[in-house]
1. When only residues in the range B:48-59 that are in contact with a helix residue (DSSP H, G or I) (Cβ under 9 Å, 6 or more places away or on another chain) and open to solvent by 30 Å² or more (accessible area, probe 1.4 Å) count, which is nearest to the other protein chains (Cβ to nearest Cβ)?
2. Assess whether B:ALA62 counts as being modelled with pLDDT of 95 or more and more than 14 Å from every other protein chain (Cβ to nearest Cβ).
3. Just give me the residues in the range A:463-472 being surrounded by 24 or more Cβ atoms within 10 Å (Cβ to Cβ), out of contact with any Ser or Thr (no Cβ under 8 Å at 6 or more places or on another chain) and within 7 Å of chain B (Cβ to nearest Cβ), in sequence order.
4. Can you pull out the strands (runs of 3 or more DSSP E) entirely within the range A:289-348 that have at least 1 residues that are touching a Pro at 6+ places or on another chain (Cβ under 6 Å) and either in contact (Cβ under 8 Å) with a residue 40 or more places away in the chain or closer than 22 Å to A:ARG80 by Cβ (or both)?
5. Given the residues B:PHE100, B:PHE83, which is the only one that is assigned to a strand (DSSP E or B), open to solvent by less than 60 Å² (accessible area, probe 1.4 Å) and within 11 Å of chain A (Cβ to nearest Cβ)?
6. What number goes with the only condition from (1) surrounded by fewer than 19 Cβ atoms within 10 Å (Cβ to Cβ); (2) hydroxyl-bearing (Ser, Thr, Tyr); (3) within 14 Å of chain A (Cβ to nearest Cβ); (4) over 17 Å from the mean Cα position of the chain (by Cα) that B:SER43 does not pass?
7. Check A:GLY387 against each of (1) free of Cβ contacts under 8 Å to residues at least 60 places away in the same chain; (2) open to solvent by 30 Å² or more (accessible area, probe 1.4 Å) and name the one condition it does not meet.
8. Step by step: first the residues of the range A:431-455, then only those that are facing chain B (nearest Cβ under 9 Å) and modelled with pLDDT of 90 or more, then the one that is surrounded by the most Cβ atoms within 10 Å (Cβ to Cβ). Which residue is that?
Amino acid sequence: MTEITDLDVRDGVDRETVETVQNMGSYKYGWNTEIEMDFAPKGVNEDIVRLISQKNEEPEWMTEWRLDAYRRWVTMSEPRWAMLNYPDIDYQDQYYYARPKSMEVKPKSLDEVDPTLLATYEKLGIPLKEQMILAGVEGAEETPAEARKVAVDAVFDSVSLGTTFKDELAKAGVIFCPISEAIREHPELVKKYLGSVVPQSDNFFATLNSAVFSDGSFVYVPPGVRCPMELSTYFRINAENTGQFERTLIIADKGSYVSYLEGCTAPKRDTHQLHAAVVEIVILEDAEVKYSTVQNWYPGDEEGKGGIYNFVTKRADCREARAKVMWTQVETGSAITWKYPSCILRGEEAQGEFYSIAIANNFQQADTGTKMIHLGRNTRSRIVSKGISAGQAQNTYRGLVSMHPRATNSRNYTQCDSLLIGDKCGAHTVPYIEVKNTSSRVEHEATTSKVDDDQLFYCRSRGMDEEEAVALVVNGFCREVLQALPMEFAMEAQSLVAISLEGSVG
Amino acid sequence: MLKINNLHVKLEEEDKQILNGLSLEVPAGQVHAIMGPNGSGKSTLSYVLSGRDGYEVTEGGATLDGRDLLAMEPEERAAAGLFLAFQYPVEIPGVGNMTFLRTAVNAQRKARGEEELSSGEFLKLVRAKAKDLQIDADMLKRPVNVGFSGGEKKRNEILQMAMLEPRMCIMDETDSGLDVDAMRLVADGVNALRSADRSFLVITHYQRLLNHIQPDVVHILSNGRIIKTGGPELALQVEEEGYGDILSEAG
């Protein structure tokens, strides 16, 4: 655990891995060279899918579910309709399972924990006690809790490292645990809801995820319960050439409420890393879910080398009347972003909101937006998207607002603003609007502007340096979205905006 | 304090000379006024001194406390104690006035190696100074200059000046667009800031502001040069007779 960035492991874990695969008997090629690290062999096939399932000690039905997805995936082809330019991905040249060094030997105190690990936690605003629990420090659970509470689940590469405040959440009846654990301990919930929002066959990346997802978070909030604290998952891709495929399933039962935060980081690598996550949210009658993301995957360097390829499927199903979901995302990282957090407004008077800041600098490319699918009567949705392009980046907003025939008296309001910094970047807005009844109303507003030299000079004449000035102006541009974030995240997001735009002027 | 020596400036984009050998010295604690007809180079002077892009200095220079002003970035000039009250203060949507002020104050403190003000300290300070200028809490919360009236914008400039405590204040036609009451408020704000180690360069088209802010020295600018320097009575002369006589006198 103390050397989490350094996966030169030859402990019990990989022996177990070898045995597992040997017992399966079919996949041997390349095994010996790869075993030096605690990875499953490169590439994906049915055996790898079985291995992942076995590693997570999953029941048979889950293994079959994955295999079913895998068999569909091999018949599918990668979507290429997005305004994204990248070389073909060799899906057999990735690792689909990587595991940090065995956590048998626990550090005694924070001093023994990898400082870079703690620094990343700290940056995410995770309080000390939770840092200790996450880092596996002995006796951390007994340390008195601090005043502010955010329960945290951390996923490194493919494995969930631990969840904090579990007991306290359990008292409220809230289940918050790694999805691998939920599959074992709460199969009835998982069986009922997994794939019910994003089916196995949904799209190329979601299907791949369904086959090979290794871990992720699971949340269940029982009827009428207001989750006593914010829940947070922290994802990190560490190992080289490793794809991360986490799966999150959130169920808000009738009349419940939960606010969920997701943070992502990855170290600098020269090579591209693949990230294909799926997030499913089920919201029942009168329940409300707020889902906030600060995505800060490694974006690649100034020349466009390296960076994460981020292909994510996120969807919330407001399944019953008056269910409500609010997506807030701050996308500053990734070389490629392909992501459309969507809302299915099925129940009557269901509400969906989407607030987004997407920043693309240097050679980053982002094709992101949302889908608001209005199925129920009197449903409402609101989209506020702020795209910022700098350097040679391309930033596309792609959104769908669909009013079905039965979604009478429904409403949507969309506001799409783009900001350009410099003269080599691009901003694109691609709204799709389908209205199939006569009583619904859809509004779309879009603006494109440049960071104004007069504004920058005004700030600088007051003593701010150029980057501070740009950050201030851009933060002003994003304000409506930043305000939608929970407090701690808003601070983090503001400084991220500044960091992401470093070197974009001058 | 501020020394301008034989300053020649042309526009970068077109071959147009704006300042033609302007020389000027403002000692510590003094208020100098620069008056001149339209197109004489008043605003160019303020922009060049504060470091705006688009101008090229072809000859001469300017120093602040002996430091080469023109070699510094705009933010370095600010940290060195230079402040420009804009003729047209710029709007910054979405950025709260308070946030803007605090970012500016702390940026300068950081640049000077001083400790940044905490939120509490800052709040106390800004409230006290805002009160003097009759700037209410609402105006502090609103985005910088967005939807401000002309008078509010100018008062906001003076608030920034009061918060940043510069040594050398340049006021570019601060009186433009102000009614009598607003002008008095602004002038009171400026007068409250006058001190033995702070100087002002008040650029104005009309004499009326100088009734409220008494200058020590008045310069007449024409065609990019100072053509006449005198006491406050020079401003009165301009008010009564216009620029005509002075201009023809200077040839």
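1. Looking at residues that are in contact with a helix residue (DSSP H, G or I) (Cβ under 9 Å, 6 or more places away or on another chain) and open to solvent by 30 Å² or more (accessible area, probe 1.4 Å), I get B:ARG52.
2. yes
3. Matches in the range A:463-472: A:GLY463 only.
4. Per the criteria, A:307-318, A:324-331.
5. B:PHE83
6. (4)
7. (2)
8. Residue satisfying both the conditions and the ranking: A:GLN455.
The values are calculated or read from the model by the stated rules, or taken from the named source; none is laboratory data. Quantities reported herein were computed from a predicted structural model and do not represent experimental measurements. Because the Cβ atoms are built from the backbone with ideal geometry, glycine has one as well, and the counts that use them run over all protein chains shown. Remember, those area values only see protein heavy atoms, side chains included, never the ligands or the DNA or RNA. Shrake-Rupley method; radii C 1.70, N 1.55, O 1.52, S 1.80 Å.
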